Structures are given as structure tokens and as C-alpha cells.
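Report on the structure given below.
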Amino acid sequence: MAQHFIGGRWVGASSGQTLPVLDPATGEPFDTIPRGTAADIDAAVRAARAARRGAWGRMTAAERGRILLRMSALILARHEELARLEAHDTGKPMSQARNDIAVAARYCEFYGGAADKLHGEHLPYLNDFHVVVVHEPYGVTAHILPWNYPAQMFGRSVVPALATGNAAVLKPSEDACLSPLALCGIAQEAGLPDGALNVVCGLGEEAGAALTRHGDIDFVTFTGSPEVGTIVQKAAAERTLKCVLELGGKSPHLVFDDADLERTAGFVIKAITQNAGQTCSAGSRLLVQRSIYDEFTAMVAERFRATVAGTPDQDRDCGPLINQAQQRRVQGFVDRARAAGIPVLAQGRVAEGVHPGGFYVAPILFGAVPRTHELACDEVFGPVLAAMPFEDEADAIELANATDYGLIAAVWTRDGGRQTRVARALQCGQVYVNSYGAGGGVELPFGGVKKSGHGREKGFLALQEFCTVKTIVQYHGA
Ligand code: NAD
């Protein structure tokens, strides 16, 4: 029975109510989490505020960094156990879960090392004045996270907030919060003072909404759907709080006729099957120059047919989806596309021997998808790839920018001038050239434009996101 982590203690929901934790690979419950209330959120925010005023607020940047570095080592020491927990909670293949835990450790390592390197500035100004610009933590930061990469999201969102001295209150997804809770235990073991990190489990409309509306938070960061992101931003606006939004995507590959097609095909498959397509930066649109459209889509289709969805231990291309609602939603997209007569170029399969109650959808490739169809425009968040032909460079750019989203993109061409022209013309937060990094490395600033959100996480830039800037202008006399 999982519990909230508030003020350094494990506590149940004040209401006494719990929610079941389902195994996506079987559909069966295997644990419970507390159903958090506004009272639980209030207790967590109070604990965070007390930590800021107490031992945590007094720590030096180097001391904070050392705690995060210890966390990194402790995570790696329990790598396999944490990966198994993550796979059980989310259904993802074990190799993906192992990677996710390694990335969570890497976030702690990166931000642990960076904690004491966020320097301010000295500015030349009038004679007799000394002017410095300093970075200061906001105070109590609120973090609302989705279910697709719970351990990685913890590293991406909470760890830089801690590195800069904020005290964090996290509301993970009701569908996957076991690894963030386990990471709280590790943080405590690493020496994090009580209250610096608090996790309240529960439903979005209850615990999540109570957190974003709480009167004593100083900053909100949300990762999830554009719909909920808009609600969160409105709540933040009520108190004029800074709000970072990491939302969805409909990320394109732009494959030109001079690309290395063999290499490209491998990346294209991985970019949509990774985490069963439940990745904000999944490569879900395959835009191919018309002169090679048939040849290249046939090449991708052949590989697509070999893809398999299976259990975490079968460790195939992908696992089940997170829950039944998501399975039905994705299946709805597939059924409507078939009913509209859009050709299925290839479909993978679900492995033999999986539990019939698991939330599986076999990966599927559609093409040519009409440019205004929902498969060309809307985020599916499942292993569904939409192929579309384009004519030339200008048409490719127009098509790539034609959705409401703008998270990441990949340009596949050997032409150096075109690589730069297209990368600069794409409306998104990250562009890969002859590569694709769904999620990318922890060092790389990440975030969106348009409906994909605003603000940046990852990289050194994230430390600045979690700080407010103060300019101190001192007259020191002649
Ligand atoms: P979601 O928006 O349904 O839920 C995200 C979180 O918000 C959950 O913790 C949920 O409990 C909470 N929530 C729901 N209603 C709320 C409310 N009214 N107030 C406050 N909190 C509330 O998203 P999801 O289904 O968990 O995740 C899928 C979505 O997340 C996709 O759109 C995906 O693209 C996006 N995502 C984006 C990124 C990114 O970095 N850009 C990363 C991962 C996922």
C-alpha cells in the first residue's frame, strides 16, 4: 500500500480513501495509492514552506549538489529493482524501464554537478555603483506530471528545482506514481532535509487542482495534455504565477530524396514504437518526398510488420498502453482511419501469451494520410504512424508546420544547406538532423512552441527556469 510522502514522513490520505494501481500488462490491480485531498496538498505545501525557512533553505548550493549526486549513486545501486517497479506500474519493456531509471540517475548527476555553477553577473553601470544580477529560487514549486515516464519526469522536473534550492510539491499521475515515491525514499537516504520534497498522490481534478490553486505556491510546472495544461495555466494566472507547460506533440520526420534511407528507416520505427507511442516527442508523422515515397514507405512497412507489442519481460518493441481508456482512445483513431479508407501500409502484432486483460494495441502504419485528417493533425499517443508525401523543400516545411503542435522534428537529408534552412524554418523546440532523439539527452534544452507549451526543461537552462532574477544596484559612494 503506497503512501504520500509529506514532510519526510509516509502518510495515508487524510480522507482514508485509496485508488487501485493496475498492471497495464494484465489489467489487474496489484497495489493501492492514497486518494489525495486538498488537505493533503495543504500539508505538503506547509512542509515545503517550512523546509525553505529551515535547514533546506540554509544549505549551500554545493551541499544541495552533493545530495543529488548521492541520489544518483543510490538510484544506480538499486537500478534493477527500480526498473522492475517502473515496468510493473507502466507496462513498458524492461529495457526501456532500465533506460528510464538510468536517465533519472543521470538527471541527479547532471544537476548535482551543476547546482553550484549557476553564476550571477556583475554589470558595468554608472561610476560609484556596484551592480550584480543574482539567481534566486522561487520558493515552493508545484510539479504535476504524466504517466508515461514517471521516473524520468521526476528527474527532469523535480531535480533541477531542488538543485536551485526550491522546495517541491509533486502530484504524479494517478496511473503511475510508484517510482516517484521510491525516489523520495532515496532522496531521504541521500540526506535531503524533511519537507524539501513532498509527493501527494491522487486524481487530477482533486489533488492536482488543489495544488495549482493553493495560495502558497510560487511556481507551477505541468507536463501533460494541452487541455489540462490550459486549466493549470488559468489557475496559475489567478495568482500571476510563473507557469512552465510541457504539453503534447505531433512531431514530423522530413525525409528528402537524398537521405540515407536505411538509417532513417530504423529511427522512424523506434521513434513511434518507443513506449508504445506514449511519448510527447514520438515521431508520429512521416513526411516523405514524393519521388521516393513508394520506395521508402515500403522499406518502413517491411520493418513495421516485424514489430511486436509484449509484456515487460518479453521486452519487445513496445508494451501495452497505460490503461483501458487510452487503449480505447488509440483504437478509436485506428478504427476511424480504416473506416475513412486510409490505406494500412503495415501492422505489427501483439505477442503470443500476453494476458487477455492487458491494454495492447499493435503498432500500425497508415499512408497516404490526407493532410487534414485527424491522423495528420491530432496527437494519438499510441503506436500509430501517419505517412504523407511532400513535393519539395517549401512544401515539406509548410506541411511540417501545419499542426497546432511544435515540439520536436527530424530532417533527413545529406544536403548541408538544406539541413540548416529546414531546421531554422521549423516551428518547434528541438530539431534533429539525420538522427532522432525522442526525449533526447538530459543536457539538451527541451520544450515546445504553440500548443506544445512554453518554457524549457533539461540542460543548464532549466536551472534558470526555476530561478527568479534579482538585480541589486548598490551606490557605494565616491
Ligand atoms: P493529463 O493532462 O491527462 O494528466 C497529466 C497530469 O495532470 C496528471 O498528473 C493528472 O492527474 C493531472 N491533472 C488532470 N486534471 C487536472 C486538473 N484539472 N488540475 C491539475 N492537474 C490535473 O496527461 P496524461 O494523459 O497523463 O499524459 C499524456 C499527455 O502528456 C500527452 O498529451 C503528452 O503529449 C503529454 N506529455 C508531454 C510531455 C512534454 O514534455 N511535452 C511529456 C510527457 C507527456
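Please treat every number below as a calculation from the coordinates, not as lab data. Here the structure is a predicted model, which means the values were calculated and not measured. Here Cβ is always computed from backbone atoms with ideal geometry, including for glycine, and neighbour counts include all displayed protein chains.
Overview of values
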{"item": "The chain: calculated mean residue ellipticity at 222 nm from DSSP helix runs of at least 4, using -39500 (n - 2.57)", "result": "-11500 deg cm²/dmol"}
{"item": "Size descriptor, Kirkwood hydrodynamic radius, that averages inverse alpha-carbon separations across the chain, Å", "result": "23.1"}
{"item": "Separation between Cα centres of region 275-302 and region 131-177, rounded to whole Å", "result": "34"}
{"item": "Electrostatic dipole magnitude of region 403-462 [Cβ: Lys, Arg +1; Asp, Glu -1; Cα centre; debye, to 20]", "result": "180"}
{"item": "The chain, dipole about Cα centre (Lys/Arg Cβ +1, Asp/Glu Cβ -1), debye to the nearest 20", "result": "740"}
{"item": "DSSP H segments from the chain that extend 20 Å or more along their own axis, Cα-based, with Kyte-Doolittle mean of 0.5 or above", "result": "61-77"}
{"item": "Residue 242 long-range amide H proximity, modeled H, under 5 Å", "result": "220"}
{"item": "Residues whose placed amide H lies under 5 Å from that of residue 387, excluding near-sequence neighbours", "result": "286, 366, 367, 369"}
{"item": "Per-residue ³J(HN,Hα) for region 346-358, Karplus 6.51 cos²θ - 1.76 cosθ + 1.60, θ = phi - 60°, Hz, x for Gly and Pro", "result": "5, 9, x, 9, 9, 4, 5, x, 6, 5, x, x, x"}
{"item": "Amide H within-cut-off set for residue 349, under 5 Å, with H built and near neighbours excluded", "result": "307, 308, 309"}
{"item": "Dipole-positive endmost among 353, 309, 36 within the chain (Cβ charges, Cα centre)", "result": "36"}
{"item": "Per-selection Kirkwood Rh - region 318-389 (Cα, Å, 1 d.p.)", "result": "12.7"}
{"item": "Cβ-based charge dipole, the chain, positive-most Cα from 226, 282, 420", "result": "226"}
{"item": "Stretch gain in nm, segment residue 240-residue 344, where the contour uses 0.36 nm per residue and the Cα spacing is subtracted", "result": "32.7 nm"}
{"item": "Sequence-distant lysines (8 or more away, or on other chains) whose Cα lies within less than 23 Å of residue 234", "result": "171, 242, 450, 451"}
